[in-house]
Amino acid sequence: MQEPLQSFAEVPPELRGTPGIPREPEQERYYAREYPLRDLLAPGRISLYLGWGIRKALWRYRGDLRATLKACRASGHLEPTGPPAQGDLTLEVKQRARELGIGIAGVAAYNPLYTFENYKEHMRYPHAVVLAMEQGREQTDTIPSWVAELEVFHTYIRLVKAALKLGDHIRSRGYHAQVHHPTFSSAVYHHYFIEAGVGQMGAGGWAISPEYGPRMRITMLTTDAPLTHDTPKDWGIPQFCEKCQVCIRRCPGQAISKERLWWRGVYKHKIRLERCLPMVVKYSGCAVCMKVCPFHKYGYNRVMEHYARTGQVLGKDTDELESYSLRGKGSFGVGKLPAFRKREVWLPGIKRRG
């Protein structure tokens, strides 16, 4: 029941594949049981490590972050404020989300396998409404920079404030709504994004939508309102990523697996955190993989239409798409990657100078 805001290019036949993402349900259940998911921002060394790396953005939005986190934690305990509405509310909820400035809204079944272990006891309702908001293009083009990192948090704050208002609307219609914070996540929101059919996983670890490519921020709310679940859709994105591989080649930490592999019961490109996180910390959130993605640079329709005509990836092997700069290291065009001294950053297996 997802109503697109615009029409999108047809997926070329050679890019068609599995709707959503290939899954092995038994493996998903096994890994969720034996190796529960844990939030990277939970207390611990990684939390402290990331906290220092994004200090400026956290400090700028500290008041909003505290207030919205408090509101999200309370939201699941709030009682409805109106009598229960009759009938399916799916289209109404999606329309209200768009009125609040949320560009994408989809519905999927809540799945405890994708909730972080320390949040499971707090999850209350059976339907997940996944919500996404566009991140500013101009700021994103400055990646990696504090300008881009501040825009990330600015988008998160706008998104969560809109989601809290959407929760108020659902309660006014007679049902509960628990809003989940987009920064201090309670679950893997990408799972619901894919299950709701509003996008697919890209090679760089981002969920990619036809509306915004990877240039968006995601959260969700869970509710007991009568909603109809959307279904996964094939947008041709995983198959395109296998042919593109620009983000894989351009990653400064060489953190993205070249080929898709089975990981925790899903078939995807794997991000090696021990290579990725040092770049995130040192270079203002990094996100070079977002910057060099053709879906960000040119948009879904242009990319797919160009591929259908030519069989080529728009912008690939050009500095227009692939170049980026790192503070203190310089600029890196097609075929050039940074090398790091031991004292600069430690990345196992990456070319380093003593």
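Sort CYS293, CYS72 so the one with the fewest other Cβ atoms within 10 Å of its own Cβ comes first. Numbers along the way, then the final one.
Working: CYS293 27, CYS72 23.
So the residues, fewest neighbours to most, are CYS72, CYS293.
Taking 0.36 nm per residue of separation and subtracting the Cα-Cα distance, what length does fully extending ALA109 through TRP146 add? List each step's numbers first, then the result.
Details: separation 37, 0.36 × 37 = 13.32 nm, distance 3.64 nm.
Value of the extension gain: 9.7 nm.
Shape analysis of the range 244-336 places it in the oblate category; the axes a ≥ b ≥ c from the Cα gyration tensor give an a/c of at least 1.5, with a/b not above b/c.
Can you compute the FRET efficiency between ARG66 and SER172 using 1/(1 + (r/R0)^6), with r the Cβ-Cβ distance and R0 = 25 Å? Round to the nearest 0.05. Mind dumping the intermediate values first?
Details: r = 26 Å, r/R0 = 1.03.
Computed FRET efficiency for ARG66 and SER172 comes out at 0.45.
For the range 139-157, backbone nitrogen atoms closer than 20 Å to the point 7 Å from SER331 Cα along Cα-to-C-beta are found at 139-148. For the chain, the Stokes-Einstein estimate of translational diffusion at 37 °C and a viscosity of 0.692 mPa s comes to 156 µm²/s, using the Kirkwood hydrodynamic radius over alpha-carbon pairs. Using only side-chain charges placed at the Cβ, +1 for Lys and Arg and -1 for Asp and Glu, the dipole size of the range 129-184 relative to its Cα centre rounds to 440 debye. Using a simple spin-label model with points 7 Å from Cα along the Cα→Cβ vector, what separation in nm is obtained for ARG137 and LYS165? Simple spin-label model gives 2.4 nm for this pair. Remark: the range 234-343 carries a charge dipole of roughly 660 debye about the Cα centre, counting +1 on each Lys and Arg Cβ and -1 on each Asp and Glu Cβ.
Sequence-distant contacts, meaning Cα pairs under 8 Å at least 6 residues apart, place the relative contact order of the range 244-336 at 22 percent.
Hey, fewest Cβ within 10 Å first, where do HIS306, HIS269, HIS296 land in order?
Working: HIS306 17, HIS269 22, HIS296 28.
Listed from fewest to most nearby Cβ atoms, that is HIS306, HIS269, HIS296.
Find out how many positive minus negative residues lie around SER323, taking Lys and Arg as positive, Asp and Glu as negative, among other residues whose Cβ is under 10 Å from that of SER323.
Numbers: positive: ARG250, LYS291, LYS336; negative: ASP319, GLU320, GLU322.
Net charge in that neighbourhood comes out at 0.
Taking TRP59, TRP146, TRP263 as the candidate residues, the one with maximal mean-square fluctuation in a Gaussian network model of the chain, Cα springs under 10 Å, is TRP59. When cysteine pairs in the chain are screened for C-beta atoms closer than 4.7 angstrom, the residues that find no partner are CYS72, CYS241, CYS244, CYS251, CYS276, CYS286, CYS293. Under a Cβ-only charge scheme (Lys and Arg +1, Asp and Glu -1), can you give me the dipole magnitude of the chain about the Cα centre, in debye to the nearest 20? Magnitude of the dipole: close to 1820 debye.
Were the residues from GLU274 through ARG73 laid out at 0.36 nm apart, the gain over their Cα-Cα distance would be 69.3 nm.
Every number here is computed from the coordinates shown, using simple stated rules; none is lab data. Keep in mind the model is a prediction, meaning the values are calculated, not measured. When we count neighbours, we look across all protein chains shown, and the Cβ atoms used for this are built from the backbone with ideal geometry, even at glycine.
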